[in-house]
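Beneath this line is the structure, given in structure tokens, with notes to follow.
The values are calculated or read from the model by the stated rules, or taken from the named source; none is laboratory data. Computed from a predicted model, the values in this text were never measured in an experiment. Note: ideal-geometry Cβ built from the backbone for every residue, glycine included; neighbour counts use all protein chains shown.
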Amino acid sequence: MGEGLKRILDVVLVLATLPVSLPLTGLVAIWIMLDGSGPIIHSQLRVGRGGCEFFVHKFRTLKSGIEGGATVAPEGDSRITRPGSFLRKWRLDELPQLFDVLRGDMSLVGPRPERPEHLQEISATVREKVYRVRPGITGPAAIAFLAEDEYLATVPDPVRVYCRILLPEKLRLELEYVEHWSFMTDLRLIAQTLLKVFSTEARRRSRRMIEQIGS
């Protein structure tokens, strides 16, 4: 994989989007602040490149003061704040990760960084292959599983379903991406993200696909 070229693409595109992303980030931060007390930014330990753990940053979408509990928060979870429901649906809670990209912890495109405990049942070989690159804000699995939270809200044990049924399929897609990466692949996935994340039809297709996986 052309890591140098990929890193240049990341930095150039993030800097190019700052005129839009910075005002949007400010508006979201104000919304969260006005909604109630608690931190605006939430950091969480995730698995990154080379299996090294790092802190990923998101806008806080769960109610302040909640510790522990299920590691998956599906759509409609009582822990989700009012702004959080909107932000999670349209992936706007991940805007702070643009700064994780600039810091070099993440890439715009790549495998999603998972919680360490979610990967416990995944073979070490798969983990090593998938996370030999920087994790990404978006990627093939992030696009394919747009309706993931919506589906998980319908199952009795979201954590089990996520870790044992959905995650292996997501990692299969991530591994295909890593093994066949190209400059054009990243550009295509970025374009698909912008087109599909706000598409209700893309979400319906995603829901049907996830239901087939879960059946």
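Assuming residue 129 fulfils every condition listed in (1) farther than 21 Å from residue 157 by Cα; (2) part of a loop (DSSP other than H, G, I, E, B); (3) touching a helix residue (DSSP H, G or I) at 6+ places or on another chain (Cβ under 7 Å) apart from one, which condition is it?
Unmet for residue 129, out of (1) farther than 21 Å from residue 157 by Cα; (2) part of a loop (DSSP other than H, G, I, E, B); (3) touching a helix residue (DSSP H, G or I) at 6+ places or on another chain (Cβ under 7 Å): (2).
Select, from 115, 91, the only residue that is surrounded by fewer than 21 Cβ atoms within 10 Å (Cβ to Cβ), within 30 Å of residue 33 (Cβ to Cβ) and out of contact with any Lys or Arg (no Cβ under 7 Å at 6 or more places or on another chain).
The conditions single out 91.
Please give the number of the condition residue 55 fails out of (1) closer than 21 Å to residue 197 by Cβ; (2) modelled with pLDDT of 95 or more; (3) out of contact with any Pro (no Cβ under 6 Å at 6 or more places or on another chain).
Condition (1) is where residue 55 drops out.
Go through the range 12-28 and give me each residue that's more than 19 Å from the chain's Cα centre (by Cα) and of a type in the set (A, V, I, L, M).
The answer is 12, 15, 16, 18, 20, 22, 27.
Quick one: would you say residue 99 is among the aromatic types (Phe, Trp, Tyr), at pLDDT 95 or above and out of contact with any Pro (no Cβ under 9 Å at 6 or more places or on another chain)?
In short, yes.
Residue 76: touching a strand residue (DSSP E or B) at 6+ places or on another chain (Cβ under 8 Å) and in contact (Cβ under 8 Å) with a residue 24 or more places away in the chain, yes or no?
So residue 76 fails the test.
Residues that are closer than 21 Å to residue 59 by Cβ and assigned to a loop (DSSP other than H, G, I, E, B): does the range 85-93 have at least one?
Among the residues of the range 85-93, at least one is closer than 21 Å to residue 59 by Cβ and assigned to a loop (DSSP other than H, G, I, E, B), which makes the answer yes.
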